[in-house]
Amino acid sequence: MKKIIFLIIFSTLLISCKEGSDLLDPETSGISEQDVFSDARNTMLFLNDIYGYIVPVISQGTGNVGMRWPGTDGMLEITTDNGSTNLAGASAIYNFNAGAWTALTSTFSTTDWSNSWVAIRACNLFLSHIDDVPLNAEYQFDAKVRDIRKGEGLFLMAFFYSEMFKQFGGLPLIDKVISITDEMNLPRSAVDQTVDFITELCDYAAALLPLEHADADYGRATKGAALALKARVLLYAASPLWNNPAKPDDSPFRGKYDPAKWTKAAKAAKDLIDLNQYQLHQDISTLFITRVNPELIFVRMNQPCSWMTSISVPNKLYPPGSFGKSGCHQVTYNLIKEYEVLNNGQAYLIDDPLSGYNPDDPYIKRDPRFYRDCMFNGYLFQGKKAQFGVAAPGAATPEHNPVETGSYYTHVYSIKFADLSLVISFDARDPSRGSKTNHNYPYLRYAEILLNYAEAMNEAFGPEADGLGSGKTALWAVNQVRTRAQYPANPEYLGQTGGMPAIPHGLSQEEMREKIRHERRIELAFEEHRFWDVRRWMIDPAAMIDIQAQTPVWQTDGSVKYEIRTIQKRVFETKMYRMPIPEQQIYTNPNLVQNPGWSYSPEAAE
């Protein structure tokens, strides 16, 4: 048997295995390649291990292993204009927001680059053997199951490539296990070739995968996951960063300009919609804590815990005994002002005179998703009225401010993934204690696909043209998501009723583009989309610099005034539209080329 050698970092593809992976490295695990792939059980454990490389996003309080920002509970959103933080030990995040980083700096993208290549190598190893794994009735491993598992391996390889594509662009494309005798210094492929490679993997996977799995296998890749991933990748590929008429040639930095890419993206999203397998979960307040619901397409499965809730809700709102770390992810005024005000059945932005917006009572009659996503001064929580903010001279300090506060605090907290029914009177760092909930992160959900379809259809055909002959226009799709946002019947929503009205007919393509972008920002807040959306749309960096808070200022008479304060000046440059290839890889592989604007790149940033 040919021995597969797992290599250490010396070039792009010479990367060390993830700590804790028992089956990925026969050299260190004591398990040979033959042991793994001559036994169905070991082969399935190997596949399960590959799933473990998917970034958790939602912290589990177990050392923060694999998080976007290693060693912290930080989510990617706090490096966008949607979020802020005062996380302890988060110097890498603060440096990122201050622009104090380079291609030599260790950031989340450096970790993603390394871990994704390890996972891709594991996928290739799995795929090179899966057809020869002996069938085993004891483990229900028959020919049909073998094909399904093969489909999972193909999907996972596409997934890891897609995660790198949206960060870096064109990539070295590898469809086999690289051995010591193979060429190591592989070049980056062009963007179009990379996109074709990923979407073909999705097609192969979709042909093998089932529409759904049995309960015991919930969370594994499905046909819908493969189709949804394909639709997302094609949407990104059609977007201005990767499909730029000002720079129309295919390269590792962007694809060949072709406006028909929007039609291709719309068709791919339509394929997922036409499965009729998914629908929007109607209760927005339980969407992210309901383990199995019809909106979820592909989720990163986690163990039930209370940690994410405990770090989202300021701990002084809980009984004594809860851990003091809380309110880790704050919501900026930049995002808060985007949640519309409902008035007489219509929705308006706060600066519209018809909104009836009252700056002295700013949190009433807002988009229902505001109350799902945000905890603010005056929020009703488990019988308490939350008090957050700063004290004017001579006034009392608000009762529920968390322990960690500072100059970057916004006093509005992201609670999108919290279970507000949990009563935490224990140290949630210990997973064996207290009540728990499911915090499974939705990497792909139906609402995103509807918004992807809306964006692609609008760019290809306009707001209300049925360009694909399906009866489903851009306006139809975006309104599916928008009108789902209704007030649930619980006190945290201030007893309000009704919900978001539909976007009206008659908008221009440009007006609809802004509406769709607005809906993405609201519906997908704190789900990692904003970070990539502002890049693929090539949003003006000047719009990303001033980070603001709507600060409650408590007066001596107990009243509260709200002040809009700039709490941070961030650095955002056009070169940051793409993440840099880690510079050590550029040094060691002469065939790699750096992204525009970064050191050693042949091209300036846009």
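Among (1) surrounded by fewer than 16 Cβ atoms within 10 Å (Cβ to Cβ); (2) without any contact (Cβ under 8 Å) to a residue 40 or more places away in the chain; (3) not hydroxyl-bearing (Ser, Thr, Tyr), where does Lys515 come up short?
(1)
For the structure I just gave you, tell me whether Glu573 is surrounded by fewer than 19 Cβ atoms within 10 Å (Cβ to Cβ) and within 26 Å of the chain's Cα centre (by Cα).
Considered against the rule, which asks whether it is surrounded by fewer than 19 Cβ atoms within 10 Å (Cβ to Cβ) and within 26 Å of the chain's Cα centre (by Cα), Glu573 comes out as yes.
Of the residues in the range 430-454, how many are part of a loop (DSSP other than H, G, I, E, B) and touching a Gly at 6+ places or on another chain (Cβ under 9 Å)?
The total comes to 3.
Out of the residues in the range 465-497 meeting the condition of being in a helix (DSSP H, G or I) and under 18 Å from Leu420 (Cα atoms), tell me which one is least open to solvent (accessible area, probe 1.4 Å).
So the residue we want is Tyr493.
Only one of (1) closer than 30 Å to Ala418 by Cβ; (2) outside any loop (DSSP other than H, G, I, E, B); (3) open to solvent by 10 Å² or more (accessible area, probe 1.4 Å); (4) aliphatic (A, V, I, L, M) is not met by Ile78, so which one is it?
(3)
Table: residues versus (1) part of a loop (DSSP other than H, G, I, E, B); (2) within 24 Å of Gln555 (Cα to Cα); (3) in contact with a Phe, Trp or Tyr (Cβ under 9 Å, 6 or more places away or on another chain); (4) among the aliphatic types (A, V, I, L, M).
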| site | (1), (2), (3), (4) |
| --- | --- |
| Asn334 | no, no, no, no |
| Tyr339 | yes, no, yes, no |
| Asn377 | yes, yes, yes, no |
| Thr397 | yes, yes, yes, no |
| Ala428 | yes, no, yes, yes |
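For the range 83-101, indicate whether the set of residues that are over 22 Å from Gln568 (Cα atoms), in contact (Cβ under 8 Å) with a residue 40 or more places away in the chain, of a type outside the set (D, E, K, R) and touching a Phe, Trp or Tyr at 6+ places or on another chain (Cβ under 6 Å) is non-empty.
no
Looking at Val292, is it modelled with pLDDT of 90 or more and surrounded by fewer than 24 Cβ atoms within 10 Å (Cβ to Cβ)?
In short, yes.
For the range 387-417, enumerate the residues that are surrounded by fewer than 22 Cβ atoms within 10 Å (Cβ to Cβ), under 19 Å from Cys374 (Cα atoms) and hydrophobic (A, V, I, L, M, F, W, C).
Those that are surrounded by fewer than 22 Cβ atoms within 10 Å (Cβ to Cβ), under 19 Å from Cys374 (Cα atoms) and hydrophobic (A, V, I, L, M, F, W, C): Val390, Val403.
Quick one: which residue in Ser106, Ser128 is open to solvent by 10 Å² or more (accessible area, probe 1.4 Å), modelled with pLDDT under 95 and at negative phi?
Of Ser106, Ser128, the one residue that is open to solvent by 10 Å² or more (accessible area, probe 1.4 Å), modelled with pLDDT under 95 and at negative phi is Ser106.
Would you mention how many residues in the range 576-606 are among the hydroxyl-bearing types (Ser, Thr, Tyr), in a loop (DSSP other than H, G, I, E, B) and over 29 Å from the mean Cα position of the chain (by Cα)?
1
Please work out if Phe323 is at pLDDT below 90 and either crowded, with 19+ Cβ neighbours inside 10 Å or in contact with an Asp or Glu (Cβ under 8 Å, 6 or more places away or on another chain) (or both).
Criteria met by Phe323.
Output the residues belonging to the range 379-395 that are part of a loop (DSSP other than H, G, I, E, B) and of a type in the set (Gly, Ala, Ser).
Listed by number, the residues that qualify are Gly383, Ala386, Gly389, Ala392, Gly394, Ala395.
Looking at Asn358, is it within 25 Å of Tyr413 (Cα to Cα), without any contact (Cβ under 8 Å) to a residue 40 or more places away in the chain, part of a loop (DSSP other than H, G, I, E, B) and open to solvent by 50 Å² or more (accessible area, probe 1.4 Å)?
yes
Quick test for you: out of Asn452, Asn458, pick the one residue that is buried (at least 24 other Cβ atoms within 10 Å of the Cβ), within 27 Å of Phe160 (Cα to Cα) and either under 20 Å from the mean Cα position of the chain (by Cα) or modelled with pLDDT of 95 or more (or both).
Asn452
Scanning for something within 19 Å of Ala206 (Cβ to Cβ), polar (S, T, N, Q), out of contact with any Ser or Thr (no Cβ under 8 Å at 6 or more places or on another chain) and at pLDDT 95 or above, does the range 162-176 turn up at least one residue?
yes
Name the residues in the range 196-226 that are over 22 Å from Phe141 (Cα atoms) and open to solvent by 30 Å² or more (accessible area, probe 1.4 Å), would you?
Asp196, Phe197, Glu200, Asp203
Out of the range 421-446, which residues are open to solvent by less than 40 Å² (accessible area, probe 1.4 Å), aliphatic (A, V, I, L, M) and more than 30 Å from Leu272 (Cα to Cα)?
Across the range 421-446, the qualifying residues are Leu422, Ile424, Ala428.
From the set of residues in the range 242-263 that are open to solvent by less than 70 Å² (accessible area, probe 1.4 Å) and among the acidic types (Asp, Glu), which is nearest to Pro596 (Cα to Cα)?
Taking the candidates together, the pick is Asp250.
Only residues that are part of a helix (DSSP H, G or I) and within 18 Å of Ser84 (Cβ to Cβ): list them for the range 523-537, please.
His529, Arg530, Phe531, Val534
Whether any residue in the range 267-280 is out of contact with any strand residue (DSSP E or B) (no Cβ under 9 Å at 6 or more places or on another chain), farther than 30 Å from Ala604 by Cα and surrounded by 24 or more Cβ atoms within 10 Å (Cβ to Cβ) is what I want to check.
Taking every residue of the range 267-280 in turn, at least one turns out to be out of contact with any strand residue (DSSP E or B) (no Cβ under 9 Å at 6 or more places or on another chain), farther than 30 Å from Ala604 by Cα and surrounded by 24 or more Cβ atoms within 10 Å (Cβ to Cβ).
Looking only at the range 212-249, how many residues end up being among the hydroxyl-bearing types (Ser, Thr, Tyr) and modelled with pLDDT under 95?
Residues that pass the stated criteria total 1.
The values are calculated or read from the model by the stated rules, or taken from the named source; none is laboratory data. These numbers come from a predicted model, not from an experiment. Positions of Cβ are generated from backbone atoms using ideal geometry, with glycine treated the same way; all protein chains shown enter the neighbour counts. We work out accessible area using only protein heavy atoms, side chains counted, and drop any ligands, DNA or RNA first. Shrake-Rupley method; radii C 1.70, N 1.55, O 1.52, S 1.80 Å.
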